[in-house]
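Engineer: One structure follows; several queries about it will come next.
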Amino acid sequence: MADSTADVVIIGGGIAGCATAYNLAKLNVKVVIVEKGNIGDEQSGRAWGFVRQQGRDPVEMPMMIACNKIWQGLSQELNADLEWVQGGNLALAKDGESIQRFEESVAISRQFGLDTRLLSRDEVRKLIPSMEGSFIGGMYTPGDGHAEPIKTTTAFARAAQEHGAEIYTGCAAEGIEITGGKVSAVITERGIIRTPVVVCAAGAWSSKIGRMAGLSLPQRVVRATVAETHPVPPVTQIGVWAPGVSFRQRPNGSFYIAGGGGSDYDVNLDTFRHLRLFLPNYLKNRGLFRIRVGGELVKDIGRRLPGSPARKHPFAHSVGVEPRPNPKTVQRTLKNFVEQFPSLSSIGIKRVWAGRIDATPDAVPVLGAVDKPEGFLFATGFSGHGFAMGPIVGIIMSQLIVNGESEFDIHPMRYNRFKEGDLAKPRNVL
Ligand SMILES: Cc1cc2nc3c(=O)[nH]c(=O)nc-3n(C[C@H](O)[C@H](O)[C@H](O)COP(=O)(O)OP(=O)(O)OC[C@H]3O[C@@H](n4cnc5c(N)ncnc54)[C@H](O)[C@@H]3O)c2cc1C
């Protein structure tokens, strides 16, 4: 890539970046994505694929309800098989405390006109007769669905290109030039792109990108493990979040199974930033995290030493390197899955992988422009549920860039809320 110009440069080719590029390109905006690896290499190609409205923070509800409608026609719009299945989403309760949490979620859903409801154990078993594990009931939203993350993300990228967007893969953004308080260029490892607008859609690396523009985005990154089983005959079209295991069956018959929200947290030097902001949500959900001190911390220290290659190319170490899946999580998840479905006790694992999930202190995204530098916007911080929101995020970001405002209230998602101490209430991850 020779030095060039664009109306908008998007850093990151995950679903947030690709959906934003697609919507901007449709409006004839000259938009470029720079992606350090390949499209969908990180979270957006590694997610379970749940597209759920239930269990969300109230500030996300209006956009997620609108997004669900987009999902229903998305395969047709992008002219691609996204494996979209509107089979509903079901969260199972293991005890009275979970039921109490679900009651709160149902009340939020109802406030927004969603048909989320509580189910007894018998009602759950009517939906999925072969499920026999220990649960006392559940929360169910029939209009929710699931889709295949990598197919969706690459479909957005391809559709964006068809409308004129340029995509550079293997092209890390390594600096942001600011002139007179305004964004003026993105410095990439393959050249400089002059632009008045930069969208940071860099997922787990957004905090680092923010620092290049003098911003301090609070962000934590956890490592989550997923496995795919060999295909079996159809069991259910519902995406299920059960105690100790979440799963969905793909149209090809295989199941994605994961540890029901549990993940590993690798301590690194960034752990000590913004600690106070993260504490309330951490304390509410601490059962879900296993804290690891070791390899990652040592590597991180090494990368920051003078003379380290990472000083020159700060993202190179993250390209083409698979995050480590946790084998114990796979074993435990499989055991929990088979407890739910004894009839599938001989099901085998086809592949396993891990993905890094970025989260904000209140588990609500960061969307929109910052005050300074002018021309810098975030589309990040999706806190483990951003695949589902991707299509509407693309629309919101394009509205903000082209019209200066969005039809949705994104005030609760502004970057400044951290400084102002105006965060969404700590919530349990389902
Ligand atoms: C295991 C797992 C399960 C999940 N399950 C679900 C689910 O069921 N439902 C749901 O809604 N969400 C789920 N999520 C969360 C969801 O995947 C994310 O919220 C969403 O994909 C975030 O999209 P993104 O575009 O913001 O980030 P990403 O997909 O991470 O994309 C960011 C991109 O930016 C690139 N990048 C970073 N730095 C630079 C740089 N300097 N220069 C150029 N490029 C750069 C990265 O390489 C990456 O491709 C899950 C996530 C994981 C990991």
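The values are calculated or read from the model by the stated rules, or taken from the named source; none is laboratory data. Note that the structure is predicted; figures quoted are calculated from it, not measured. With ideal geometry, Cβ positions are generated from the backbone for all residues, glycine too; neighbour counts draw on all protein chains shown. Note: accessible area is taken over every heavy atom of the protein model, side chains too, but ligands, DNA and RNA are not part of it. Shrake-Rupley method; radii C 1.70, N 1.55, O 1.52, S 1.80 Å.
Engineer: Are there any helices (runs of 4 or more DSSP H) wholly within the range 242-331 with 3 or more residues that are under 20 Å from the mean Cα position of the chain (by Cα), and if so which?
Structural biologist: In the range 242-331, the matching helices (runs of 4 or more DSSP H) lie at 275-284.
Engineer: Just name the residue that is least open to solvent (accessible area, probe 1.4 Å) out of those in the range 291-337 that are without any contact (Cβ under 8 Å) to a residue 24 or more places away in the chain and among the hydrophobic types (A, V, I, L, M, F, W, C).
Structural biologist: Residue satisfying both the conditions and the ranking: 310.
Engineer: Looking at the range 41-58, which of the residues that are among the basic types (Lys, Arg) and either closer than 16 Å to residue 105 by Cβ or at pLDDT below 95 (or both) is nearest to the ligand (Cβ to nearest atom)?
Structural biologist: Among those residues, the one meeting the criterion is 52.
Engineer: If the requirement is being open to solvent by less than 40 Å² (accessible area, probe 1.4 Å) and among the small types (Gly, Ala, Ser), which of these qualifies: 113, 96, 87?
Structural biologist: 87
Engineer: Looking at the range 173-219 only, could you name the residues that are in a strand (DSSP E or B), among the polar types (S, T, N, Q) and either within 12 Å of the ligand (Cβ to nearest atom) or surrounded by 19 or more Cβ atoms within 10 Å (Cβ to Cβ) (or both)?
Structural biologist: Passing the criteria: only 188.
Engineer: I'd like the full set of residues that are surrounded by fewer than 17 Cβ atoms within 10 Å (Cβ to Cβ) and of a type in the set (Gly, Ala, Ser), limited to the range 67-77.
Structural biologist: Matches in the range 67-77: 73 only.
Engineer: Give the residue, chosen from 245, 222, 240, that is touching a strand residue (DSSP E or B) at 6+ places or on another chain (Cβ under 7 Å), over 20 Å from residue 393 (Cβ atoms), within 9 Å of the ligand (Cβ to nearest atom) and in contact (Cβ under 8 Å) with a residue 24 or more places away in the chain.
Structural biologist: On inspection, the qualifying residue turns out to be 222.
Engineer: A further question follows. Using beta carbons and a limit of 8 Å, which pairs, at least six apart or on different chains, have the first residue in the range 279-290 and surrounded by 12 or more Cβ atoms within 10 Å (Cβ to Cβ) and the second one of a type outside the set (Val, Ile, Thr) and part of a helix (DSSP H, G or I)?
Structural biologist: 289/282
Engineer: Scan 378, 387, 382, 418 and give me the residue that is touching a residue at least 24 places away in the same chain (Cβ under 8 Å), assigned to a helix (DSSP H, G or I), surrounded by 23 or more Cβ atoms within 10 Å (Cβ to Cβ) and of a type in the set (Phe, Trp, Tyr).
Structural biologist: 387
Engineer: Could I ask something else about it? Collect the residues in the range 397-424 that are in contact with a Leu (Cβ under 6 Å, 6 or more places away or on another chain) and either within 16 Å of the ligand (Cβ to nearest atom) or closer than 13 Å to residue 19 by Cβ (or both), keeping them in residue-number order.
Structural biologist: Selection gives 398, 410, 413.
Engineer: Does residue 60 satisfy the condition of being in contact (Cβ under 8 Å) with a residue 24 or more places away in the chain, crowded, with 20+ Cβ neighbours inside 10 Å, among the charged types (D, E, K, R) and touching a helix residue (DSSP H, G or I) at 6+ places or on another chain (Cβ under 9 Å)?
Structural biologist: For residue 60, the condition - in contact (Cβ under 8 Å) with a residue 24 or more places away in the chain, crowded, with 20+ Cβ neighbours inside 10 Å, among the charged types (D, E, K, R) and touching a helix residue (DSSP H, G or I) at 6+ places or on another chain (Cβ under 9 Å) - is met.
Engineer: Looking for something over 24 Å from residue 277 (Cβ atoms) and in a helix (DSSP H, G or I) - is there at least one such residue anywhere in the range 403-411?
Structural biologist: Within the range 403-411, one or more residues are over 24 Å from residue 277 (Cβ atoms) and in a helix (DSSP H, G or I).
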